[in-house]
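Once you've had a glance at the structure underneath, I'll fire off some questions.
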Amino acid sequence: MILVTGGAGFIGANFVLDWLKEQNEPIVNLDKLTYAGNLASLAVLADDPRHIFIQGDIADGELITSLLKQYQPRAIVHFAAESHVDRSIHGPEAFLQTNIIGTFQLLQAARQHYAALTGDAAARFRFLHVSTDEVYGSLAPDAPAFTEQHPYEPNSPYSASKAASDHLVRAWHHTYGLPVLTTNCSNNYGPFQFPEKLIPLMIHRAVNGEGLPVYGDGKNVRDWLYVGDHCAAIRRVLEKGILGETYNIGGRAEMRNIDVVHLLCDLLDEQKPKKQGGSYREQIQFVTDRPGHDRRYAIDSSRIDSELDWKPSQTFATGLRKTVQWYLDNESWVDNVTSGAYRQWTKLNYQARKDV
Ligand code: NAD
Ligand code: TYD
């Protein structure tokens, strides 16, 4: 049994689905079901007794303590977070609450639980903290990619809150001996990603005939990794990672945003040609830049490659094609998650930019 937090979100849901496909070990999935969490992503597990879903907050220490006592998981894999940079700019408080205080409460409960374990149960217990490359800050165009030794220089409220959580995890290992592992991953894409992030947002707006808002000059660079490859890397770190260490995970797929959007438009032109003819590229609009927009992220994943023998299985071309097809085949999932507060958010985020 393992305990996963945030398993109804994008990466967490992919992780839960892949885990139960790969092995028979049950999962307790604790998720608050914020706007970003959706049980529709886990619908295929509705009758699967190996998936125990609990709606709750990671900041609820009593709840975590009772779950650890009841289920005695051998590991905690911690995905739950507020995860969108633009939202962190509009409203940072929820990011501090969940990413910092929530992680703190989880660590405290895990620490007490671990202290009571003995023998084999103590030896195999793990707390795996899922984090981001954004904690390292922004890279100059010709600078080498982030290694695990790169200094922390977070620039957004989101990345600052994740950096704080990484530091707490590190401290709980050094001070209290909690057996922790931390992963810092680059930008993920794939099925079940909420359409506020670049790739699903562009697909969603393109097929709805809306403007495709590219921030600034579109030349900011991100290093893209297919979500299934991230989940495989996490499983590998959980199995083989050295306690107290951190592992960078990336796709060796650096792309400028404008090139990503062009590729998406070309795939959509092929997979869902516009009825009235023409290309989705005509919908691209350059809009006011994001404040403090990090110019470039790139991950040096040679450590996890050489020490744990992990490599991504998808290239950006193969992963993006699968992803576009998935969104076109799963319009009902998109309709489901974009009902309610979604419209309000996109209005706030994009109409405030006045250009779209
Ligand atoms: P997401 O926003 O899609 O999902 C987050 C999930 O956490 C949701 O299901 C939400 O309901 C849940 N949640 C939020 N607050 C909670 C709380 N207080 N208690 C319990 N559950 C709560 O995020 P994601 O993209 O799946 O990211 C998962 C993790 O991976 C995050 O920690 C993020 O920082 C990290 N990460 C993401 C990326 C990426 O590209 N998406 C890259 C690297 C690392
Ligand atoms: P995003 O998916 O929000 O991830 P992150 O900011 O965590 O890297 O954004 C990826 C890149 O795409 C980032 O440089 C901002 C840019 N972007 C746009 O140009 N337009 C958009 O509408 C969004 C959401 C992002």
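With the alpha-carbon atoms as the only input, what is the per residue convex hull volume for segment 229-347 in Å³?
Taking only Cα atoms, segment 229-347 has a hull volume of 179 Å³ per residue.
Could you work out what % of the accessible surface of the chain is carbon and sulfur, using a 1.4 angstrom probe and leaving DNA, RNA and ligands out of the count?
50
Can I ask one more? Note down the relative contact order for the chain as a percent, whole number, built from C-alpha pairs under 8 angstrom at least six residues apart.
17
If the only charges are +1 at each Lys and Arg Cβ and -1 at each Asp and Glu Cβ, what is the size of the charge dipole of the chain around the Cα centre, to the nearest 20 debye?
Rounded to the nearest 20 debye, it is 220 debye.
Please state the equivalent ellipsoid semi-axes for segment 1-122: what are the square roots of 5 times the Cα gyration tensor eigenvalues, largest first, in whole Å?
With the √(5λ) rule applied to segment 1-122, the semi-axes are 23, 20, 11 Å.
Please compute the per residue accessible area over segment 96-162 with all protein chains in place, 1.4 Å probe, rounded to a whole number of Å².
Counting only protein heavy atoms, the per-residue value for segment 96-162 is 44 Å².
Under a 1.4 Å probe, what is the accessible area of segment 194-241 per residue, stated in Å²?
25
Can you tell me the Rg and Dmax of the chain, counting just the alpha carbons, in angstroms?
Gyration radius and largest Cα-Cα distance of the chain: 19.9, 68 Å.
Same structure, new question: Can you list the lysines whose alpha carbon is less than 25 Å from that of Lys197, not counting same-chain residues fewer than 8 positions off?
Excluding near neighbours in sequence, the set is Lys32, Lys162, Lys219, Lys272, Lys274, Lys311, Lys322, Lys347, Lys354.
Ok, one more. Per the helix-only calculation at 222 nm, which mean residue ellipticity applies to the chain, given -39500 (n - 2.57) for every DSSP H run of n ≥ 4 and division by its residues, nearest 500 deg cm²/dmol?
-12000 deg cm²/dmol
Provide, in order from the shortest bin, the percent of all Cα-Cα pairs of segment 120-167 in each 5 Å bin, continuing until the bin that contains the maximum pair distance.
Bin by bin from 0 Å, the calculated values are 5, 19, 24, 18, 12, 9, 7, 4, 2, 1.
Could you rank Arg222, Arg281, Arg124, Arg236 by how accessible they are, 1.4 Å probe, largest area first?
Arg124, Arg281, Arg236, Arg222
Something else about it: What Kirkwood Rh does segment 67-176 have if only Cα atoms enter the pairwise 1/r average? Answer in Å.
After inverting the mean inverse Cα-Cα distance, the result is 15.3 Å.
Bins of 10 Å, beginning at zero and ending with the bin holding the largest distance: percent of Cα pairs per bin for segment 108-222, please.
Whole-percent P(r) values from 0 Å outward: 11, 30, 28, 19, 9, 2, 0.
Pairs of Cα atoms under 8 Å, at least six residues apart: use those to get the relative contact order of segment 183-293, whole percent.
Dividing the mean separation by the residue count of segment 183-293 yields 39 percent.
The values are calculated or read from the model by the stated rules, or taken from the named source; none is laboratory data. All figures in this text were calculated on a predicted structure; none of them were measured in a lab. All Cβ positions, even for glycine, are placed from backbone atoms using ideal geometry, and neighbour counts span all protein chains on display. Heads up: the accessible areas ignore ligands, DNA and RNA and are worked out on the full protein's heavy atoms, side chains in. Shrake-Rupley method; radii C 1.70, N 1.55, O 1.52, S 1.80 Å.
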